[in-house]
Every structure is written in C-alpha cells, then in structure tokens.
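Structure first, then comments.
The values are calculated or read from the model by the stated rules, or taken from the named source; none is laboratory data. From a predicted model like this one, the values you see are computed outputs, not experimental measurements. So basically every Cβ, Gly included, is an ideal-geometry build from the backbone, and we count neighbours across all protein chains shown.
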Amino acid sequence: MNTPTTLPPPVAMISPTGVPVRVVETNGLLHRVLTPCGNEVYLADGTPLYGVQVVLDPGHGGSADPGARAPTGLSEDDLNLKVVQATADVLGERGVSVVLTRTGDYTSPLSVRAALADALGADLMLSIHHNAPTQGSASQPGIEVFYQSGSPESKRLGGLAWEYAMEALAAFDINWVAAADAGVMTVLNTRGIDAYGIIRHPDTVTALIELGYISNRAEAELFATPEYVTAASTALADAITAYLETDQGGGGYVTGRVFDPLPGVSRSVCVDPPLRGQPSPSLSRAWVE
C-alpha cells in the first residue's frame, strides 16, 4: 500500500494574480504571507514554492520608484522587467528554476525582495538595472557590476555577469558612455558596509548589474529594440549557467568605491498589487521551471 506523501509548508507562493510572496506561516490551507510592500495578509490559494535555483530582481518598480528615465521616454523599471523576463525564459528552457522578485509595475522595498530570495534558498540573486546620469564617451559599454564585500562567490557571479554582458553588448556599434572606473567592484558607504540595500540585505549570493546608460540617447534607442533584449538576456543567462555549472571565474574587477546613496523606497509610499482575483495583463509569469 502506498503511503501518501506529505509536503512541507511552502516557503513562498505565486499568488493567483502572479505576484511572488514569502510565506510566513501555514495553517492548513491558509497561508500568512508578506506582500511586496511587506504587509501581512492571508492567502488560501496560489502556486506553492519550496525552493528555487535563481532569483532575478528587476530593479525599481511602480510609480513610487520608476528608476531612471531615458530622453526617449523609456522608463528604467519597465526595461529592467523586460530583460529579466527574457532572462528567466532562457534559463527556464535550460531547466533552471527561476523566481522573479517583481512581476509587474509595482513597488517593493529592497528588504522584502532580499527576504524572498533568502526564504527560497536560492543559489544566487541577480539584480538588473540600467544606469544614469550619462557619463563621458567610451569605446565600449560602461557596464558596472556591484558585489557583496567579503563574498568570493558574489564577486565571481559579478565578474561572470560583466564578462558575458560586455562581450554581447560590445557587438552593437553605437556611441557608448562609461564612468572612468567602470567595472566590477564593491561599493561601501562611509560606515564601511555595502552601500546598496539589495547587496547588503540578503544572505543569498547577490550581484547587481547596470547594463548601460538609459540616460544616453544612443543607448536608450538600442535598449528599446528586441535585438538588445535578446542579447542582454542571453548573456545574463549564460553567465548564470556558468556560475551554476562551472568553476569559471569572471573579469572586469576594479578598485571599489565609497558612496552614500539616498535611502531606498519606504513602505509608507508603497502600494501593493492585487494578490487575489484575475491575473493582471501587466503581470508576467513569476516562476519558471
């Protein structure tokens, strides 16, 4: 006689509207979860998640935190999400399980995103951004990658992301811009700790990549093309695959910066997306396996 298998409580869920949320407690069929804004609510249905290999974080999001804006009108948060969705699709085709921290145009504090990655026990999290303000002219992309100080694995992830992205984007013949010290680095604040919250908060191995300058018109026009999204997403998926499956090191390492960024978005201005009801057309598939 076969004994029914009892699954442990999920560590996270995809809500009926496609939003990833961390599970705080499960009582029977009822789950107490943290919303993208960090509020506690109860969900009775959704797709349970017990773990994942990769978490992808589309930087910024929502009217409270749109990120940079291109001279063409392109918004950074929308572009970040588009590249992340495409990267998740490539990884999913390779059998790598992926969860996104954000699946639509809504805001989520960095601490909530980090806690989701930690709860899922991810092997890595990569946060994807596009930079501003515009820097000086350069002969190659001004890609910057920030990694966790004191973490050799975060440094390796960052170096791989930089190496693969540089090779892919350098194939586009446009007027690039770059900071004089662009590369793979730590960024510490004046107290000597990691300056960026998405790097500082998670225990998960994490790196943040700025794929170029959305504030530079030539780059913004490129970023709006399907060719760019395909090139960038394939390069990032290749870097992640190399991190997971090889001992390959990366490149592009430079001396770190000291910088005190402005505080991230606060919960007081955060508006949660719907978690129940019909999925919104603006929300992507949050989970790929």
Which members of the stretch 190-207 meet the condition of being in a loop (DSSP other than H, G, I, E, B) and closer than 17 Å to Ala114 by Cβ?
Ile193, Ala195, Tyr196, His201, Pro202, Asp203, Thr204, Val205
State all residues of the stretch 167-181 that are touching a residue at least 60 places away in the same chain (Cβ under 8 Å), under 20 Å from Leu222 (Cα atoms) and part of a loop (DSSP other than H, G, I, E, B); if no residue qualifies, say none.
Ala171
For the stretch 1-13, indicate whether the set of residues that are in contact (Cβ under 8 Å) with a residue 24 or more places away in the chain, within 14 Å of the chain's Cα centre (by Cα), crowded, with 19+ Cβ neighbours inside 10 Å and not in a loop (DSSP other than H, G, I, E, B) is non-empty.
no
Out of the residues in the stretch 260-289 that are more than 19 Å from Gly197 (Cβ to Cβ), aliphatic (A, V, I, L, M) and surrounded by 15 or more Cβ atoms within 10 Å (Cβ to Cβ), which is modelled with the highest pLDDT?
Leu275
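From the residues in the stretch 136-171 that are out of contact with any Lys or Arg (no Cβ under 7 Å at 6 or more places or on another chain) and hydroxyl-bearing (Ser, Thr, Tyr), which one is surrounded by the most Cβ atoms within 10 Å (Cβ to Cβ)?
From the stretch 136-171, those out of contact with any Lys or Arg (no Cβ under 7 Å at 6 or more places or on another chain) are 136-146, 148-171; that's our starting set.
Imposing the further condition that a residue be hydroxyl-bearing (Ser, Thr, Tyr) reduces the set to 137, 139, 149, 151, 154, 164.
Working: Ser137: 12, Ser139: 8, Ser149: 18, Ser151: 18, Ser154: 25, Tyr164: 22.
Selected residue: Ser154.
Taking the stretch 208-224 as the search range and keeping residues that are of a type in the set (A, V, I, L, M, F, W, C) and assigned to a strand (DSSP E or B), which one is nearest to Ala114 (Cα to Cα)?
Leu208
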Residue satisfying condition, being part of a loop (DSSP other than H, G, I, E, B), under 23 Å from Asp203 (Cα atoms), of a type outside the set (D, E, K, R) and more than 12 Å from the chain's Cα centre (by Cα), within set Val96, Val112:
Val96
Unmet criterion (only one of (1) of a type outside the set (A, V, I, L, M, F, W, C); (2) touching a helix residue (DSSP H, G or I) at 6+ places or on another chain (Cβ under 9 Å); (3) surrounded by fewer than 24 Cβ atoms within 10 Å (Cβ to Cβ); (4) not in a helix (DSSP H, G or I)) for Gln85:
(4)
Matching option when the condition is under 20 Å from the mean Cα position of the chain (by Cα) and of a type in the set (Lys, Arg), among Arg200, Arg191:
Arg200
Scanning the stretch 25-42 residue by residue, those within 25 Å of the chain's Cα centre (by Cα), surrounded by fewer than 22 Cβ atoms within 10 Å (Cβ to Cβ) and of a type in the set (A, V, I, L, M) turn out to be Leu34, Val41
Residues to consider are Gly73, Gly61; find the one that is in the same structural domain as Leu211 (by TED's automatic domain parsing) and either over 20 Å from the mean Cα position of the chain (by Cα) or in contact (Cβ under 8 Å) with a residue 60 or more places away in the chain (or both).
Gly73
Please find, among Pro66, Pro71, Pro109, Pro58, the residue that is surrounded by fewer than 17 Cβ atoms within 10 Å (Cβ to Cβ), touching a Ser or Thr at 6+ places or on another chain (Cβ under 8 Å) and over 16 Å from Leu222 (Cβ atoms).
Pro66
So which residues in the stretch 11-55 are touching a His at 6+ places or on another chain (Cβ under 8 Å) and farther than 17 Å from Gly121 by Cβ?
Glu25, Tyr42, Leu43, Ala44, Gly46
Go through the stretch 243-260 and give me each residue that's touching a strand residue (DSSP E or B) at 6+ places or on another chain (Cβ under 8 Å) and on the phi < 0 side of the Ramachandran plot.
Tyr243, Leu244, Gly250, Gly251, Tyr253, Val254, Thr255, Gly256, Arg257, Val258, Phe259
